[in-house]
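Visitor: I am attaching a structure below and will ask some questions about it afterwards.
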Amino acid sequence: MSTPQQPGSGGPGQNGPWMDQPPQPANGWQPGGAPPQGPGGQNPQGWQQPQPGGQPPQHDGQQPQSPYGQSAAFAAQGPQGPAQPGPGQPNAFPGQPAGPQGQPGPGQPNAFPGQPAGPQGQPGPGQPNAFPGQPAGPQGQPGPGQPNAFPGQGTAFAAPGAAFPGGLQTGSATKPKSRKLAIIIGSIVLALIIGTVIAIVLAAGGSDQTKAKKTVTDYLTAVSEGNASKAKDYLSNSLDDTSLLTDDVLKDSLSRAPISNIVVSDAAQGPTNYEFDVPATYTIGDKDVSTTFEVDFFSKKPVIATSSYLSLSSFDGVTVTVNGTAPSSTSPYVFPGDYKVSTDHQYLTINGSDMQAYDPADGYVSGSDLELAVSDAGVQMFRQKVISEAQACLASTKIDPGCGAKLADLDDGSQIKEDSVHRTQDAENAAKLQSVTPEPGITTPTVIKADYYDLGKMDITASCGKDGNWSNCELYGFGSGSGMYFGSPSIDLNDPDLKVVWG
């Protein structure tokens, strides 16, 4: 194959349109790189290396020189290679293998001007095959003032970086791939954000409804396991008296009323956005309980606002213990359970069943099933003191013998002669006196007392008269204050002398 010639006047292998172009420099090359090879590996004459500024040599009012000094018709002179340019591939020299889609094959210069590029072979936005330094025109078109690389052809000369041998490349053919890559990266970032949000939510325990349900579940579980310190942490810290929320008190309760079969349902929104109602069922002792816990979110963590407290006001002033522990007040809070109230008082005792705080929703647990009573030692002490003083009164002949048995004035205006009074009791009333049994006071439990009629009635005779005329008379009377009865005795257990007071 012959070496391509400079454009001439119609000779073989020469292109007519280049006839009037100005001559090229004698050497035909500019420093900075090896010249591209033409068909057959020869150096086409007249090739000029693109200048550092990216602008090929221009001549005033002249078209740029063809890289090979020969038209596309030159390709027809040689045999065709097996690989033809595909869609989007620039025209390669015949016989040269095709490169990747949209790129020249090995050793192939850029497509001859005038050949359309395939869909992926178009230059990037603003990157038509324009001369370096010239403004870009519409996509795939030369910019203003940029002549086509070859006269009469539609494709402009390749800008620096086009896929010429020596490292020049055509315009971007990867825009769709970049868009896909951006979509993939965006999807990955979105998935990471969603995953992070889910992880944060899960780490925080989920929604408030989930937290409320978990709070009740963990609370009841801790109570059933006898872990008072853990269970207490789920309750409000504003509870007044938590002296009974201890392991010892709870374990004593579980020994009589164990908790099992705990089932906690989903939480429901309460009256406000900060409150949730959590239904729960469980078995405590031999009783099945179905209740609802209130869980509040007024603070940073959810707390259970549903708690029971024992009413111990009937034992006010008496040192009592609940499951072996002394409470700090008469209204101590307790976990769901069974509570045995007792006292170590020498003269008092507590009778009745335990206080069952099985359902926290009840709140107030009354001590009505419990009864504070005088102990056997207290009864014995009371009888000893009261009967002794009562018998002294029976033996007295005075109008006022003490013990609340002073005789009243007679209705007819008669008088009772001093030291003439005789008091006796029949067997029935004497038996009452001997069996008198005190009770704790209603308002002050530590003051034990008995009513006047509990000591029995007395039979009384005396000397009665007027103006010094005395005669024996039998006295009658009804109720307290008549003198026919003793007064109502009481003893304050806090009095060190345990003195009997007759009321």
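Visitor: Using a Förster radius of 25 Å, what is the FRET efficiency between LEU498 and ASP240 based on their Cβ-Cβ separation? Nearest 0.05, please.
Guide: On the way: r = 35 Å, r/R0 = 1.38.
In this case the efficiency is close to 0.10.
Visitor: Continuing with this model, one more query. What does the charge count near LYS230 come to, summing +1 for each Lys or Arg and -1 for each Asp or Glu among other residues with Cβ under 11 Å from its Cβ?
Guide: Once positives and negatives cancel, what remains is -3.
Visitor: If you don't mind, there's one more thing I want to ask. Of the listed peptides 362-375, 214-227, what is their order by residue-averaged count of other C-beta atoms within 10 Å, with the highest listed first?
Guide: 214-227, 362-375
Visitor: Starting from the amide H of LYS457, placed 1.01 Å from N in the peptide plane, find each other amide H under 5 Å away whose residue is 5 or more places distant or on another chain.
Guide: Sorted by chain and number, the residues that satisfy this come to none at all.
Visitor: Using amide H atoms built in the peptide plane, which far-off residues or other-chain residues are under 5 Å from SER308 H to H?
Guide: Distant-sequence amide H within range of SER308: VAL334.
Visitor: Also, quick follow-up: Under the Karplus relation 6.51 cos²θ - 1.76 cosθ + 1.60, θ = phi - 60°, what is the ordered set of whole-Hz ³J(HN,Hα) values for segment 245-252, x standing for Gly and Pro?
Guide: After applying 6.51 cos²θ - 1.76 cosθ + 1.60, I find 8, 10, 4, 5, 5, 5, 5, 5 Hz.
Visitor: Follow-up. What distance in nm separates the two pseudo spin-label positions at THR461 and GLN269, each 7 Å out from Cα along the beta-carbon direction?
Guide: Calculated label separation equals 9.1 nm.
Visitor: Another question, then. Distance check, please: which entries in LYS213/LYS287; LYS251/LYS301; LYS398/LYS457; LYS232/LYS300; LYS214/LYS340 exceed 19 angstrom between their Cα atoms?
Guide: Table pairs above 19 Å Cα-Cα are LYS213/LYS287; LYS251/LYS301; LYS214/LYS340.
Visitor: Show log10 I(q)/I(0) for segment 366-471 at q = 0.09, 0.14, 0.15, 0.22 Å⁻¹, two decimals, from a solvent-free Debye sum over equal Cα scatterers.
Guide: Debye intensities relative to I(0), on a log10 scale: -0.33, -0.66, -0.73, -1.15.
Visitor: With label points built 7 Å along Cα→Cβ from the Cα atoms of ASP376 and ASP400, find their separation and express it in nm.
Guide: Distance between label points: 4.1 nm.
Visitor: If you don't mind, there's one more thing I want to ask. By how many nm would the segment from GLN209 to PHE298 lengthen if fully extended, with 0.36 nm per residue of separation less the alpha-carbon distance?
Guide: 30.6 nm
Visitor: For segment 319-414, calculate the relative contact order in percent as a whole number, restricting contacts to Cα pairs under 8 Å that are 6 or more residues apart.
Guide: Worked out over segment 319-414, it gives 19 percent.
Visitor: Between ILE442 and SER313, what length comes free when the chain is fully extended (0.36 nm per residue of separation minus the Cα-Cα distance, one decimal in nm)?
Guide: So the chain would gain 45.4 nm between ILE442 and SER313.
Visitor: Using 0.36 nm per residue, how much length does the chain from SER366 to LYS340 gain when fully extended, once their Cα-Cα distance is taken away? Spell out each step's value before the answer.
Guide: Values: separation 26, 0.36 × 26 = 9.36 nm, distance 1.30 nm.
Once the chain is fully extended between SER366 and LYS340, it gains 8.1 nm.
Visitor: Which ³J(HN,Hα) values in Hz, rounded to whole numbers, follow from the phi angles of segment 182-190 under the Karplus curve 6.51 cos²θ - 1.76 cosθ + 1.60, where θ = phi - 60° and Gly and Pro get x?
Guide: Values, residue by residue: 5, 5, 5, 4, x, 5, 5, 4, 4 Hz.
Visitor: Using the basic label-point model (7 angstrom from Cα toward the beta carbon), what is the LEU190 to ASP277 distance in nanometres?
Guide: 4.1 nm
Values quoted throughout were computed directly from the atomic coordinates according to the rules given, and no laboratory measurement underlies them. None of these values were measured; they are calculated from a predicted model. Using ideal geometry, Cβ is built from the backbone for each residue, glycine included, and neighbour counts are taken over all protein chains shown.
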